[in-house]
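A.B. asks: Below is the structure I would like to discuss, written out as structure tokens.
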Amino acid sequence: MALVACPKCQKRISSQAKQCQHCKTNLTGNTESLSVISHIERSNSLMNQSFIFLTLFIAGVVVWFWGGEPAQGLTSYIAIASFVIGFTGYLFTRVRIVLHKRKSV
């Protein structure tokens, strides 16, 4: 009996298990298709996160320069926070996408 990765959640389970104890996936059928579907779902999730962070970054830039001059007061803090969170989140998510693509199914 060896430990293998669950095709759905990628957590370690027994090679003789009939069901994953973590995600309750049935392991008696075709597990290859479960692995491919899980990989595609993770890719889509990462792309959605990337899009959200990019939108937050663009919103920060728009709020900062709305009206032709840089924002002041509370608006400037909101714009800078949106800009920084969006930019760092986007970069971090893009790195996660590259690492996910390197891990082939």
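A.B. asks: Find the residue count for region 49-105, including only residues that are more than 30 Å from residue 38 (Cβ to Cβ) and charged (D, E, K, R). Lay out the reasoning, then the answer.
C.D. replies: Filtering region 49-105 for residues more than 30 Å from residue 38 (Cβ to Cβ) gives 58-84.
Adding the requirement that they be charged (D, E, K, R) leaves 69.
So the answer is 1.
A.B. asks: Every residue in region 35-56 that is under 19 Å from residue 92 (Cα atoms) and open to solvent by 50 Å² or more (accessible area, probe 1.4 Å), please.
C.D. replies: Residues satisfying the conditions are 41, 42, 44, 47, 48, 49, 51, 52, 53, 54, 55, 56.
A.B. asks: Let me ask something additional. Which numbered condition trips up residue 66, out of (1) open to solvent by less than 70 Å² (accessible area, probe 1.4 Å); (2) outside any helix (DSSP H, G or I)?
C.D. replies: For residue 66, the exception is condition (1).
A.B. asks: Condition first: touching a helix residue (DSSP H, G or I) at 6+ places or on another chain (Cβ under 8 Å) and open to solvent by 60 Å² or more (accessible area, probe 1.4 Å). Now tell me which residues in region 1-12 satisfy that.
C.D. replies: Across region 1-12, the qualifying residues are 8, 10.
Listed here are the residues, each with its yes/no results for (1) at negative phi; (2) of a type in the set (Asp, Glu); (3) in contact with a helix residue (DSSP H, G or I) (Cβ under 9 Å, 6 or more places away or on another chain).
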position: 16; (1), (2), (3): yes, no, no
position: 32; (1), (2), (3): yes, yes, no
position: 40; (1), (2), (3): yes, no, no
position: 55; (1), (2), (3): yes, no, yes
position: 71; (1), (2), (3): yes, no, yes
position: 89; (1), (2), (3): yes, no, yes
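A.B. asks: Quick check on region 13-34: of everything there that is surrounded by 13 or more Cβ atoms within 10 Å (Cβ to Cβ) and within 19 Å of residue 103 (Cα to Cα), which residue is nearest to the chain's Cα centre (by Cα)?
C.D. replies: Residue satisfying both the conditions and the ranking: 34.
The values are calculated or read from the model by the stated rules, or taken from the named source; none is laboratory data. These figures come from a predicted structure and were not determined experimentally. For neighbour counting, all protein chains shown are included, and Cβ atoms are generated from backbone atoms with ideal geometry for every residue, glycine included. Ligands, DNA and RNA are stripped out before the accessible areas are found, and what is left, the full protein with its side chains, is counted by its heavy atoms. Shrake-Rupley method; radii C 1.70, N 1.55, O 1.52, S 1.80 Å.
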